[in-house]
Structure formats: structure tokens, C-alpha cells
Amino acid sequence: MRALALLALAACNEPGKGPRDDLEVPPLVPLPVVVEDGVGSYTLGGDTVLAASGEGAEEVATLLAEALRPATGLPLPVESGDAGGVVLRIEPGSGLPAEAYVLDVEADGVTIVAKDAAGLFYGAQTLRQLLSPWSYADTEQDVAWAIPVVHVEDAPRFAWRGFMLDVARHFFTVDEVERQVDLMAAHKLNRLHLHLTDDQGWRIEITSWPDLTAIGGATEVDGGAGGFYTQAEYAALVAYAAARHVTVVPEIDFPGHANAALASYAELNESGERADAYTGPGVISTPLWLDGPATYGFVADVWSEVAALTPGEWLHVGGDEAVGIDDEAYEDFVLFLQETVAAEGKTMLGWDEIGGVPLEPPFAAQHWYDERRARSAVELGGQLIASPAEHAYLDMVHDSRAEFGQTWAGPVNVEAAYAWEPVPSGVDEDDVLGVEGALWTEYVDSVERLDLMAWPRLAALAELSWSPDDQTTWPTFEDRLEWHGARLEVMGVGYYRSPEVHWVRAESVE
Ligand code: TNX
């Protein structure tokens, strides 16, 4: 069945043909494990009820109804039980794995079954993609809300499907970040890693060290006003994400990249004076004064407040580019970080440099640069998150036409973001938690630039982290991505129109 659907997709590229002409099922991103298309469709209408059954199903049904009401103009009431045109059911005894779902569309209605709320939520995301791209609009559209008959079985390849946003170089507001959470969720991404501190700014309120935000929060690259999240705002963001099955992973980046902290407190500096603020775009990586009498206590205070704001398991301690710190001091400090994180009941994650420290598991290293250190992390019993810069760095230029962006590991076009293997040779798949795209924001100072750098590459990384390895190739993805462009466009995402993709414009589809 899938082969047929893909052949039909290939036919869509012929000039003068509408993208759905021969297509039973609209292209799905990320590709599910099993898609069997059928004949006919079910159409959402004025009498369609969303029926939620099982603990946690109602929250998912409510989010789905809220997502579909603006474009469809339909009431789509949510009721508990099993009677409705769209049934969303959580069955803990279903035998399905975590985050998995089974979706059946028949002529008389839709059923989504999952073991957990996350799986049900992902089934709902697939259902949204089975509708017209216009279902993502925030105003009422004159479209038939037909859902093609189909049977979908699906589960993710990796548990960690991440997006890192650097809010330190340039600040992004809670609303701006929540919008990216919505986009992540639509692509079944589930980890939002916030790079909360760097040389140019400190973005999270720490009540025991208030000048971190009073001073360090007031700067950003190129002299902008910066900004920070109060603890209440941050907690609200964490809850917003959690409702969409996205876990926020906070990063406090030490011992390098510490200038904003040193600019906030004199006692953290060997000179006894506050460091000058740094607002350049270049990476300087000012180190902490590790011999300072206040330094370790300061770091422990920060982590105890950040841990208290973090329901998730992982705390990202940074650890990258510790220039000017000798190996022994680095090792002692990273071991201290691991103890500190463990004392808070959490697990430490750091950039791949931490793979050079004799750590004991559990911990994870985020591979961005040095595969040797990533391998050594695995040899120590740690796990890996794959973010190699040449594939997963969303701050790299897309191609030679770029007007801004980093080039040291680039260009990274959408094919380079897609066509690579996250499990290094000689490493077991079980040792890889998953994949994360990273958007550093030295040159990203607006939502427009954020969209342009993140998308469509993040859609490519989403599929890489979700879909079965043996069913996904660049040509089949490119076929689906063309169509997916129309969805992104209706969502209001100013994505980069990669010249290697024959983008379908929203105005040409129903
Ligand atoms: C390296 S990646 C850094 C960041 C920069 C980035 C720019 C990493 C762990 N450190 O501080 O923003 O390059 O591409």
C-alpha cells in the first residue's frame, strides 16, 4: 500500500497537476511506521463529537478540538465515553509501546487508540495532517473537512526528539517560545532544550542571586535590551510544553560561557570587580573562576533553584568550550556538577566535552563536535544525543545564497539535515537517546529569522528521530516535504524555501 502511495506522490511532481490528484492519503511528516490507505473518507461536520475515553484522553481531545475549531468553524464538542465521530481512547492494557498509537479512519468515523496520553496526542497530530493544510489556519476556511480512510500504526524510533533554542544570545519571549512548542508538537518533537545562559545574557530568575537577571538579563548580542523569565513565567512555559508532551530541558552553561554571571557579581571574579558585559556575536567563552571561594556555592544555588522548576529528568550543565581551564580543574568541576545534579534527583546531560571526564553512569553527552569524546562517553556507560553540527546545527547557513548564519560547519541544507545516521558506527542504537537540532542565536534576532533557520530543517530532524530508518530516504522525504511546505505556510511559519525542494504553495491546495 505504501508503495502505491509513494508512486502516486511521484506523479504529483508533473507540471500542471495538483498535488493531491492521485493521492489517497496526504503526505505525512514524520512518516508513520505503517500507512495503509483505503477508499472513501469521513468528513468532520456540525454533529461531529470528539469522544474521550480513558484517563488523560480528555486533555488530548480538548487540545485537538481547540486546534481544529478556528479553521473549521465547527463546534466539535468533547464528551467522555466511546460515542462520537472521532474517538480518542487511552487503553493502558493495549500492549502498545510508549508514545505509540493506532489510528483508523473509516467512512463512519475515526478511532485513535494509545497506551498513554503522549501516544494519543501523536495520533491526533497525524489526524490533523490527514486534513487539508488549511486546517492549521487560525481563521475559518471554506474547505471540505474530509479525512481519507486509512489505517496507521506508529511509534517513534527514538525517545529523545529535541530542539535547542539559545535564548541567551538573543532573548525570545514566553509567547515566542510557546509558538515553537506548538510547531514542535505538530512534528512529534518532545524535548525543548533551552540554552538559558551564555556570555551575552542570563535568562532565568534565580531568587538567591537576583543580579543575574537584574544585570545579566539586561544584555544581549548587539546591545539589545535582553530579557529574562521570572520563575513564574518559566513554570508556566514548562506547563504549557508538558501539556503538549514536550519536556523542557534547562541548560546553565558552565564553566565556560560564563561572562553574564561574572558581569553580575563581583565576588565571582578574581579581580574582585564585576566583569564588563559582553555583547558581541563572536564566541568568547569566558570561564568561571573555579578557585574562587564563592564559585562552587553559587553554582549549587543556581542548580537547586533550576532543578526545583524542572519536573523532567534531565538537567543540561553545558561544559562546552572551557577555554583557559586546565584538564584537572575541568574534571573536578564536571564531577561536582554531576553530584549536584544527582543530589537534586536529576540526571546530568552535557556537551560532548564531558565525555573526556571519568564519569559514572547515568549521564548523557550531546555530540556536537568531537565524535571521539562522544564515543568515550558511551564507553563510560553514558548515553548520546546526536547533534553533529554538520547536520543538526540550525544556525549554519542553508546554502551559498544565505545572507546570514554561521559557516564553520556548514552549509547545512535540508538534505544534509535529513540524510545522516544518528547512531555512530560501533555504537548500539540503545546507547543513543535520540536527535536534537540546535539553534544558536548570535545572528538570530527575530522570530522571522528563527523560523527561517529552524524550518524546514527541523521537520527533517523530526522525521529522522521518529520514523523507521529503513523506510525513509531523501527522495521519499522530499516528495512529502513539498506538500508539508503548504502546512508550514498556513501555520504562518516563514520557512526557508530550499531551492532543492519543489515547494507546494498553500494557495494551490484545498
Ligand atoms: C559553538 S556548540 C558553541 C556555541 C556557539 C556555536 C555557534 C557549542 C556547544 N558551543 O557557543 O553558539 O558554536 O555555531
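The table for this structure:
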item: Residue in region 42-50 that is under 24 Å from the mean Cα position of the chain (by Cα), of a type outside the set (K, R) and more than 21 Å from A117 (Cα to Cα) present; result: no
item: Close pairs (8 angstrom Cβ cut-off, 6 or more residues apart or separate chains): without any contact (Cβ under 8 Å) to a residue 12 or more places away in the chain in region 69-84, of a type in the set (A, V, I, L, M) anywhere; result: R69/L76
item: Criterion: over 30 Å from Q231 (Cβ atoms), crowded, with 24+ Cβ neighbours inside 10 Å and among the small types (G, A, S) - qualifying residue of A155, A114; result: A114
item: Pairs where the first residue, in region 325-338, is closer than 18 Å to D301 by Cβ and the second is surrounded by 15 or more Cβ atoms within 10 Å (Cβ to Cβ) and of a type in the set (F, W, Y), C-beta under 9 Å, 6+ apart; result: F333/F254; F333/Y296; F336/Y296; L337/F254; L337/W303; Q338/F363
item: When residues of region 69-98 are limited to those that are under 11 Å from L50 (Cα atoms) and within 27 Å of the chain's Cα centre (by Cα), the one surrounded by the fewest Cβ atoms within 10 Å (Cβ to Cβ); result: R89
item: One residue from G319, G355 being within 26 Å of the chain's Cα centre (by Cα), more than 12 Å from the ligand (Cβ to nearest atom) and of a type outside the set (D, E, K, R); result: G355
item: Within region 261-281, tally of residues that are among the small types (G, A, S) and either assigned to a helix (DSSP H, G or I) or modelled with pLDDT under 95 (or both); result: 4
item: Enumeration of residues in region 411-445 that are among the small types (G, A, S) and touching a residue at least 60 places away in the same chain (Cβ under 8 Å); result: G434, G437, A438
item: From the options R179, R169, R157, residue that is within 27 Å of I284 (Cα to Cα) and among the charged types (D, E, K, R); result: R169
item: Of all residues making up region 88-115, the number that are over 23 Å from R157 (Cα atoms), among the small types (G, A, S) and in a loop (DSSP other than H, G, I, E, B); result: 1
item: Selection count, region 296-352, where residues are of a type in the set (S, T, Y) and exposed (fewer than 15 other Cβ atoms within 10 Å of the Cβ); result: 1
item: Residue among T213, T286 that alone is away from the ligand (no atom under 14 Å from the Cβ) and polar (S, T, N, Q); result: T213
item: Neighbours by Cβ (under 6 Å, 6+ apart or cross-chain): first from region 104-121, hydroxyl-bearing (S, T, Y) and modelled with pLDDT of 95 or more; second surrounded by fewer than 24 Cβ atoms within 10 Å (Cβ to Cβ) and in a strand (DSSP E or B); result: T111/V87; T111/D104
item: Flag if V444 is at pLDDT 95 or above, of a type outside the set (K, R) and surrounded by 18 or more Cβ atoms within 10 Å (Cβ to Cβ); result: yes
item: Out of R179, R161, sole residue that is surrounded by fewer than 19 Cβ atoms within 10 Å (Cβ to Cβ), modelled with pLDDT of 95 or more and not in a loop (DSSP other than H, G, I, E, B); result: R179
item: Among the candidates D138, D166, residue that is acidic (D, E), at pLDDT 95 or above and under 19 Å from the mean Cα position of the chain (by Cα); result: D166
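Condition check ((1) in a loop (DSSP other than H, G, I, E, B); (2) at negative phi) across all residues:
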| site | (1), (2) |
| --- | --- |
| F477 | no, yes |
| L481 | no, yes |
| H484 | no, yes |
| G492 | yes, no |
| R497 | yes, yes |
| E500 | yes, yes |
| E507 | no, yes |
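So that you can scan it fast, the table gives a plain yes or no per residue for (1) touching a residue at least 12 places away in the same chain (Cβ under 8 Å); (2) in contact with a Cys (Cβ under 8 Å, 6 or more places away or on another chain); (3) more than 16 Å from the ligand (Cβ to nearest atom):
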site	(1), (2), (3)
A144	yes, no, yes
I147	yes, no, yes
A168	yes, no, no
F172	yes, no, no
S208	yes, no, yes
G217	yes, no, yes
A232	no, no, yes
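The values are calculated or read from the model by the stated rules, or taken from the named source; none is laboratory data. Note that the structure is a prediction, hence the values are computed from the model and not measured. So basically every Cβ, Gly included, is an ideal-geometry build from the backbone, and we count neighbours across all protein chains shown.
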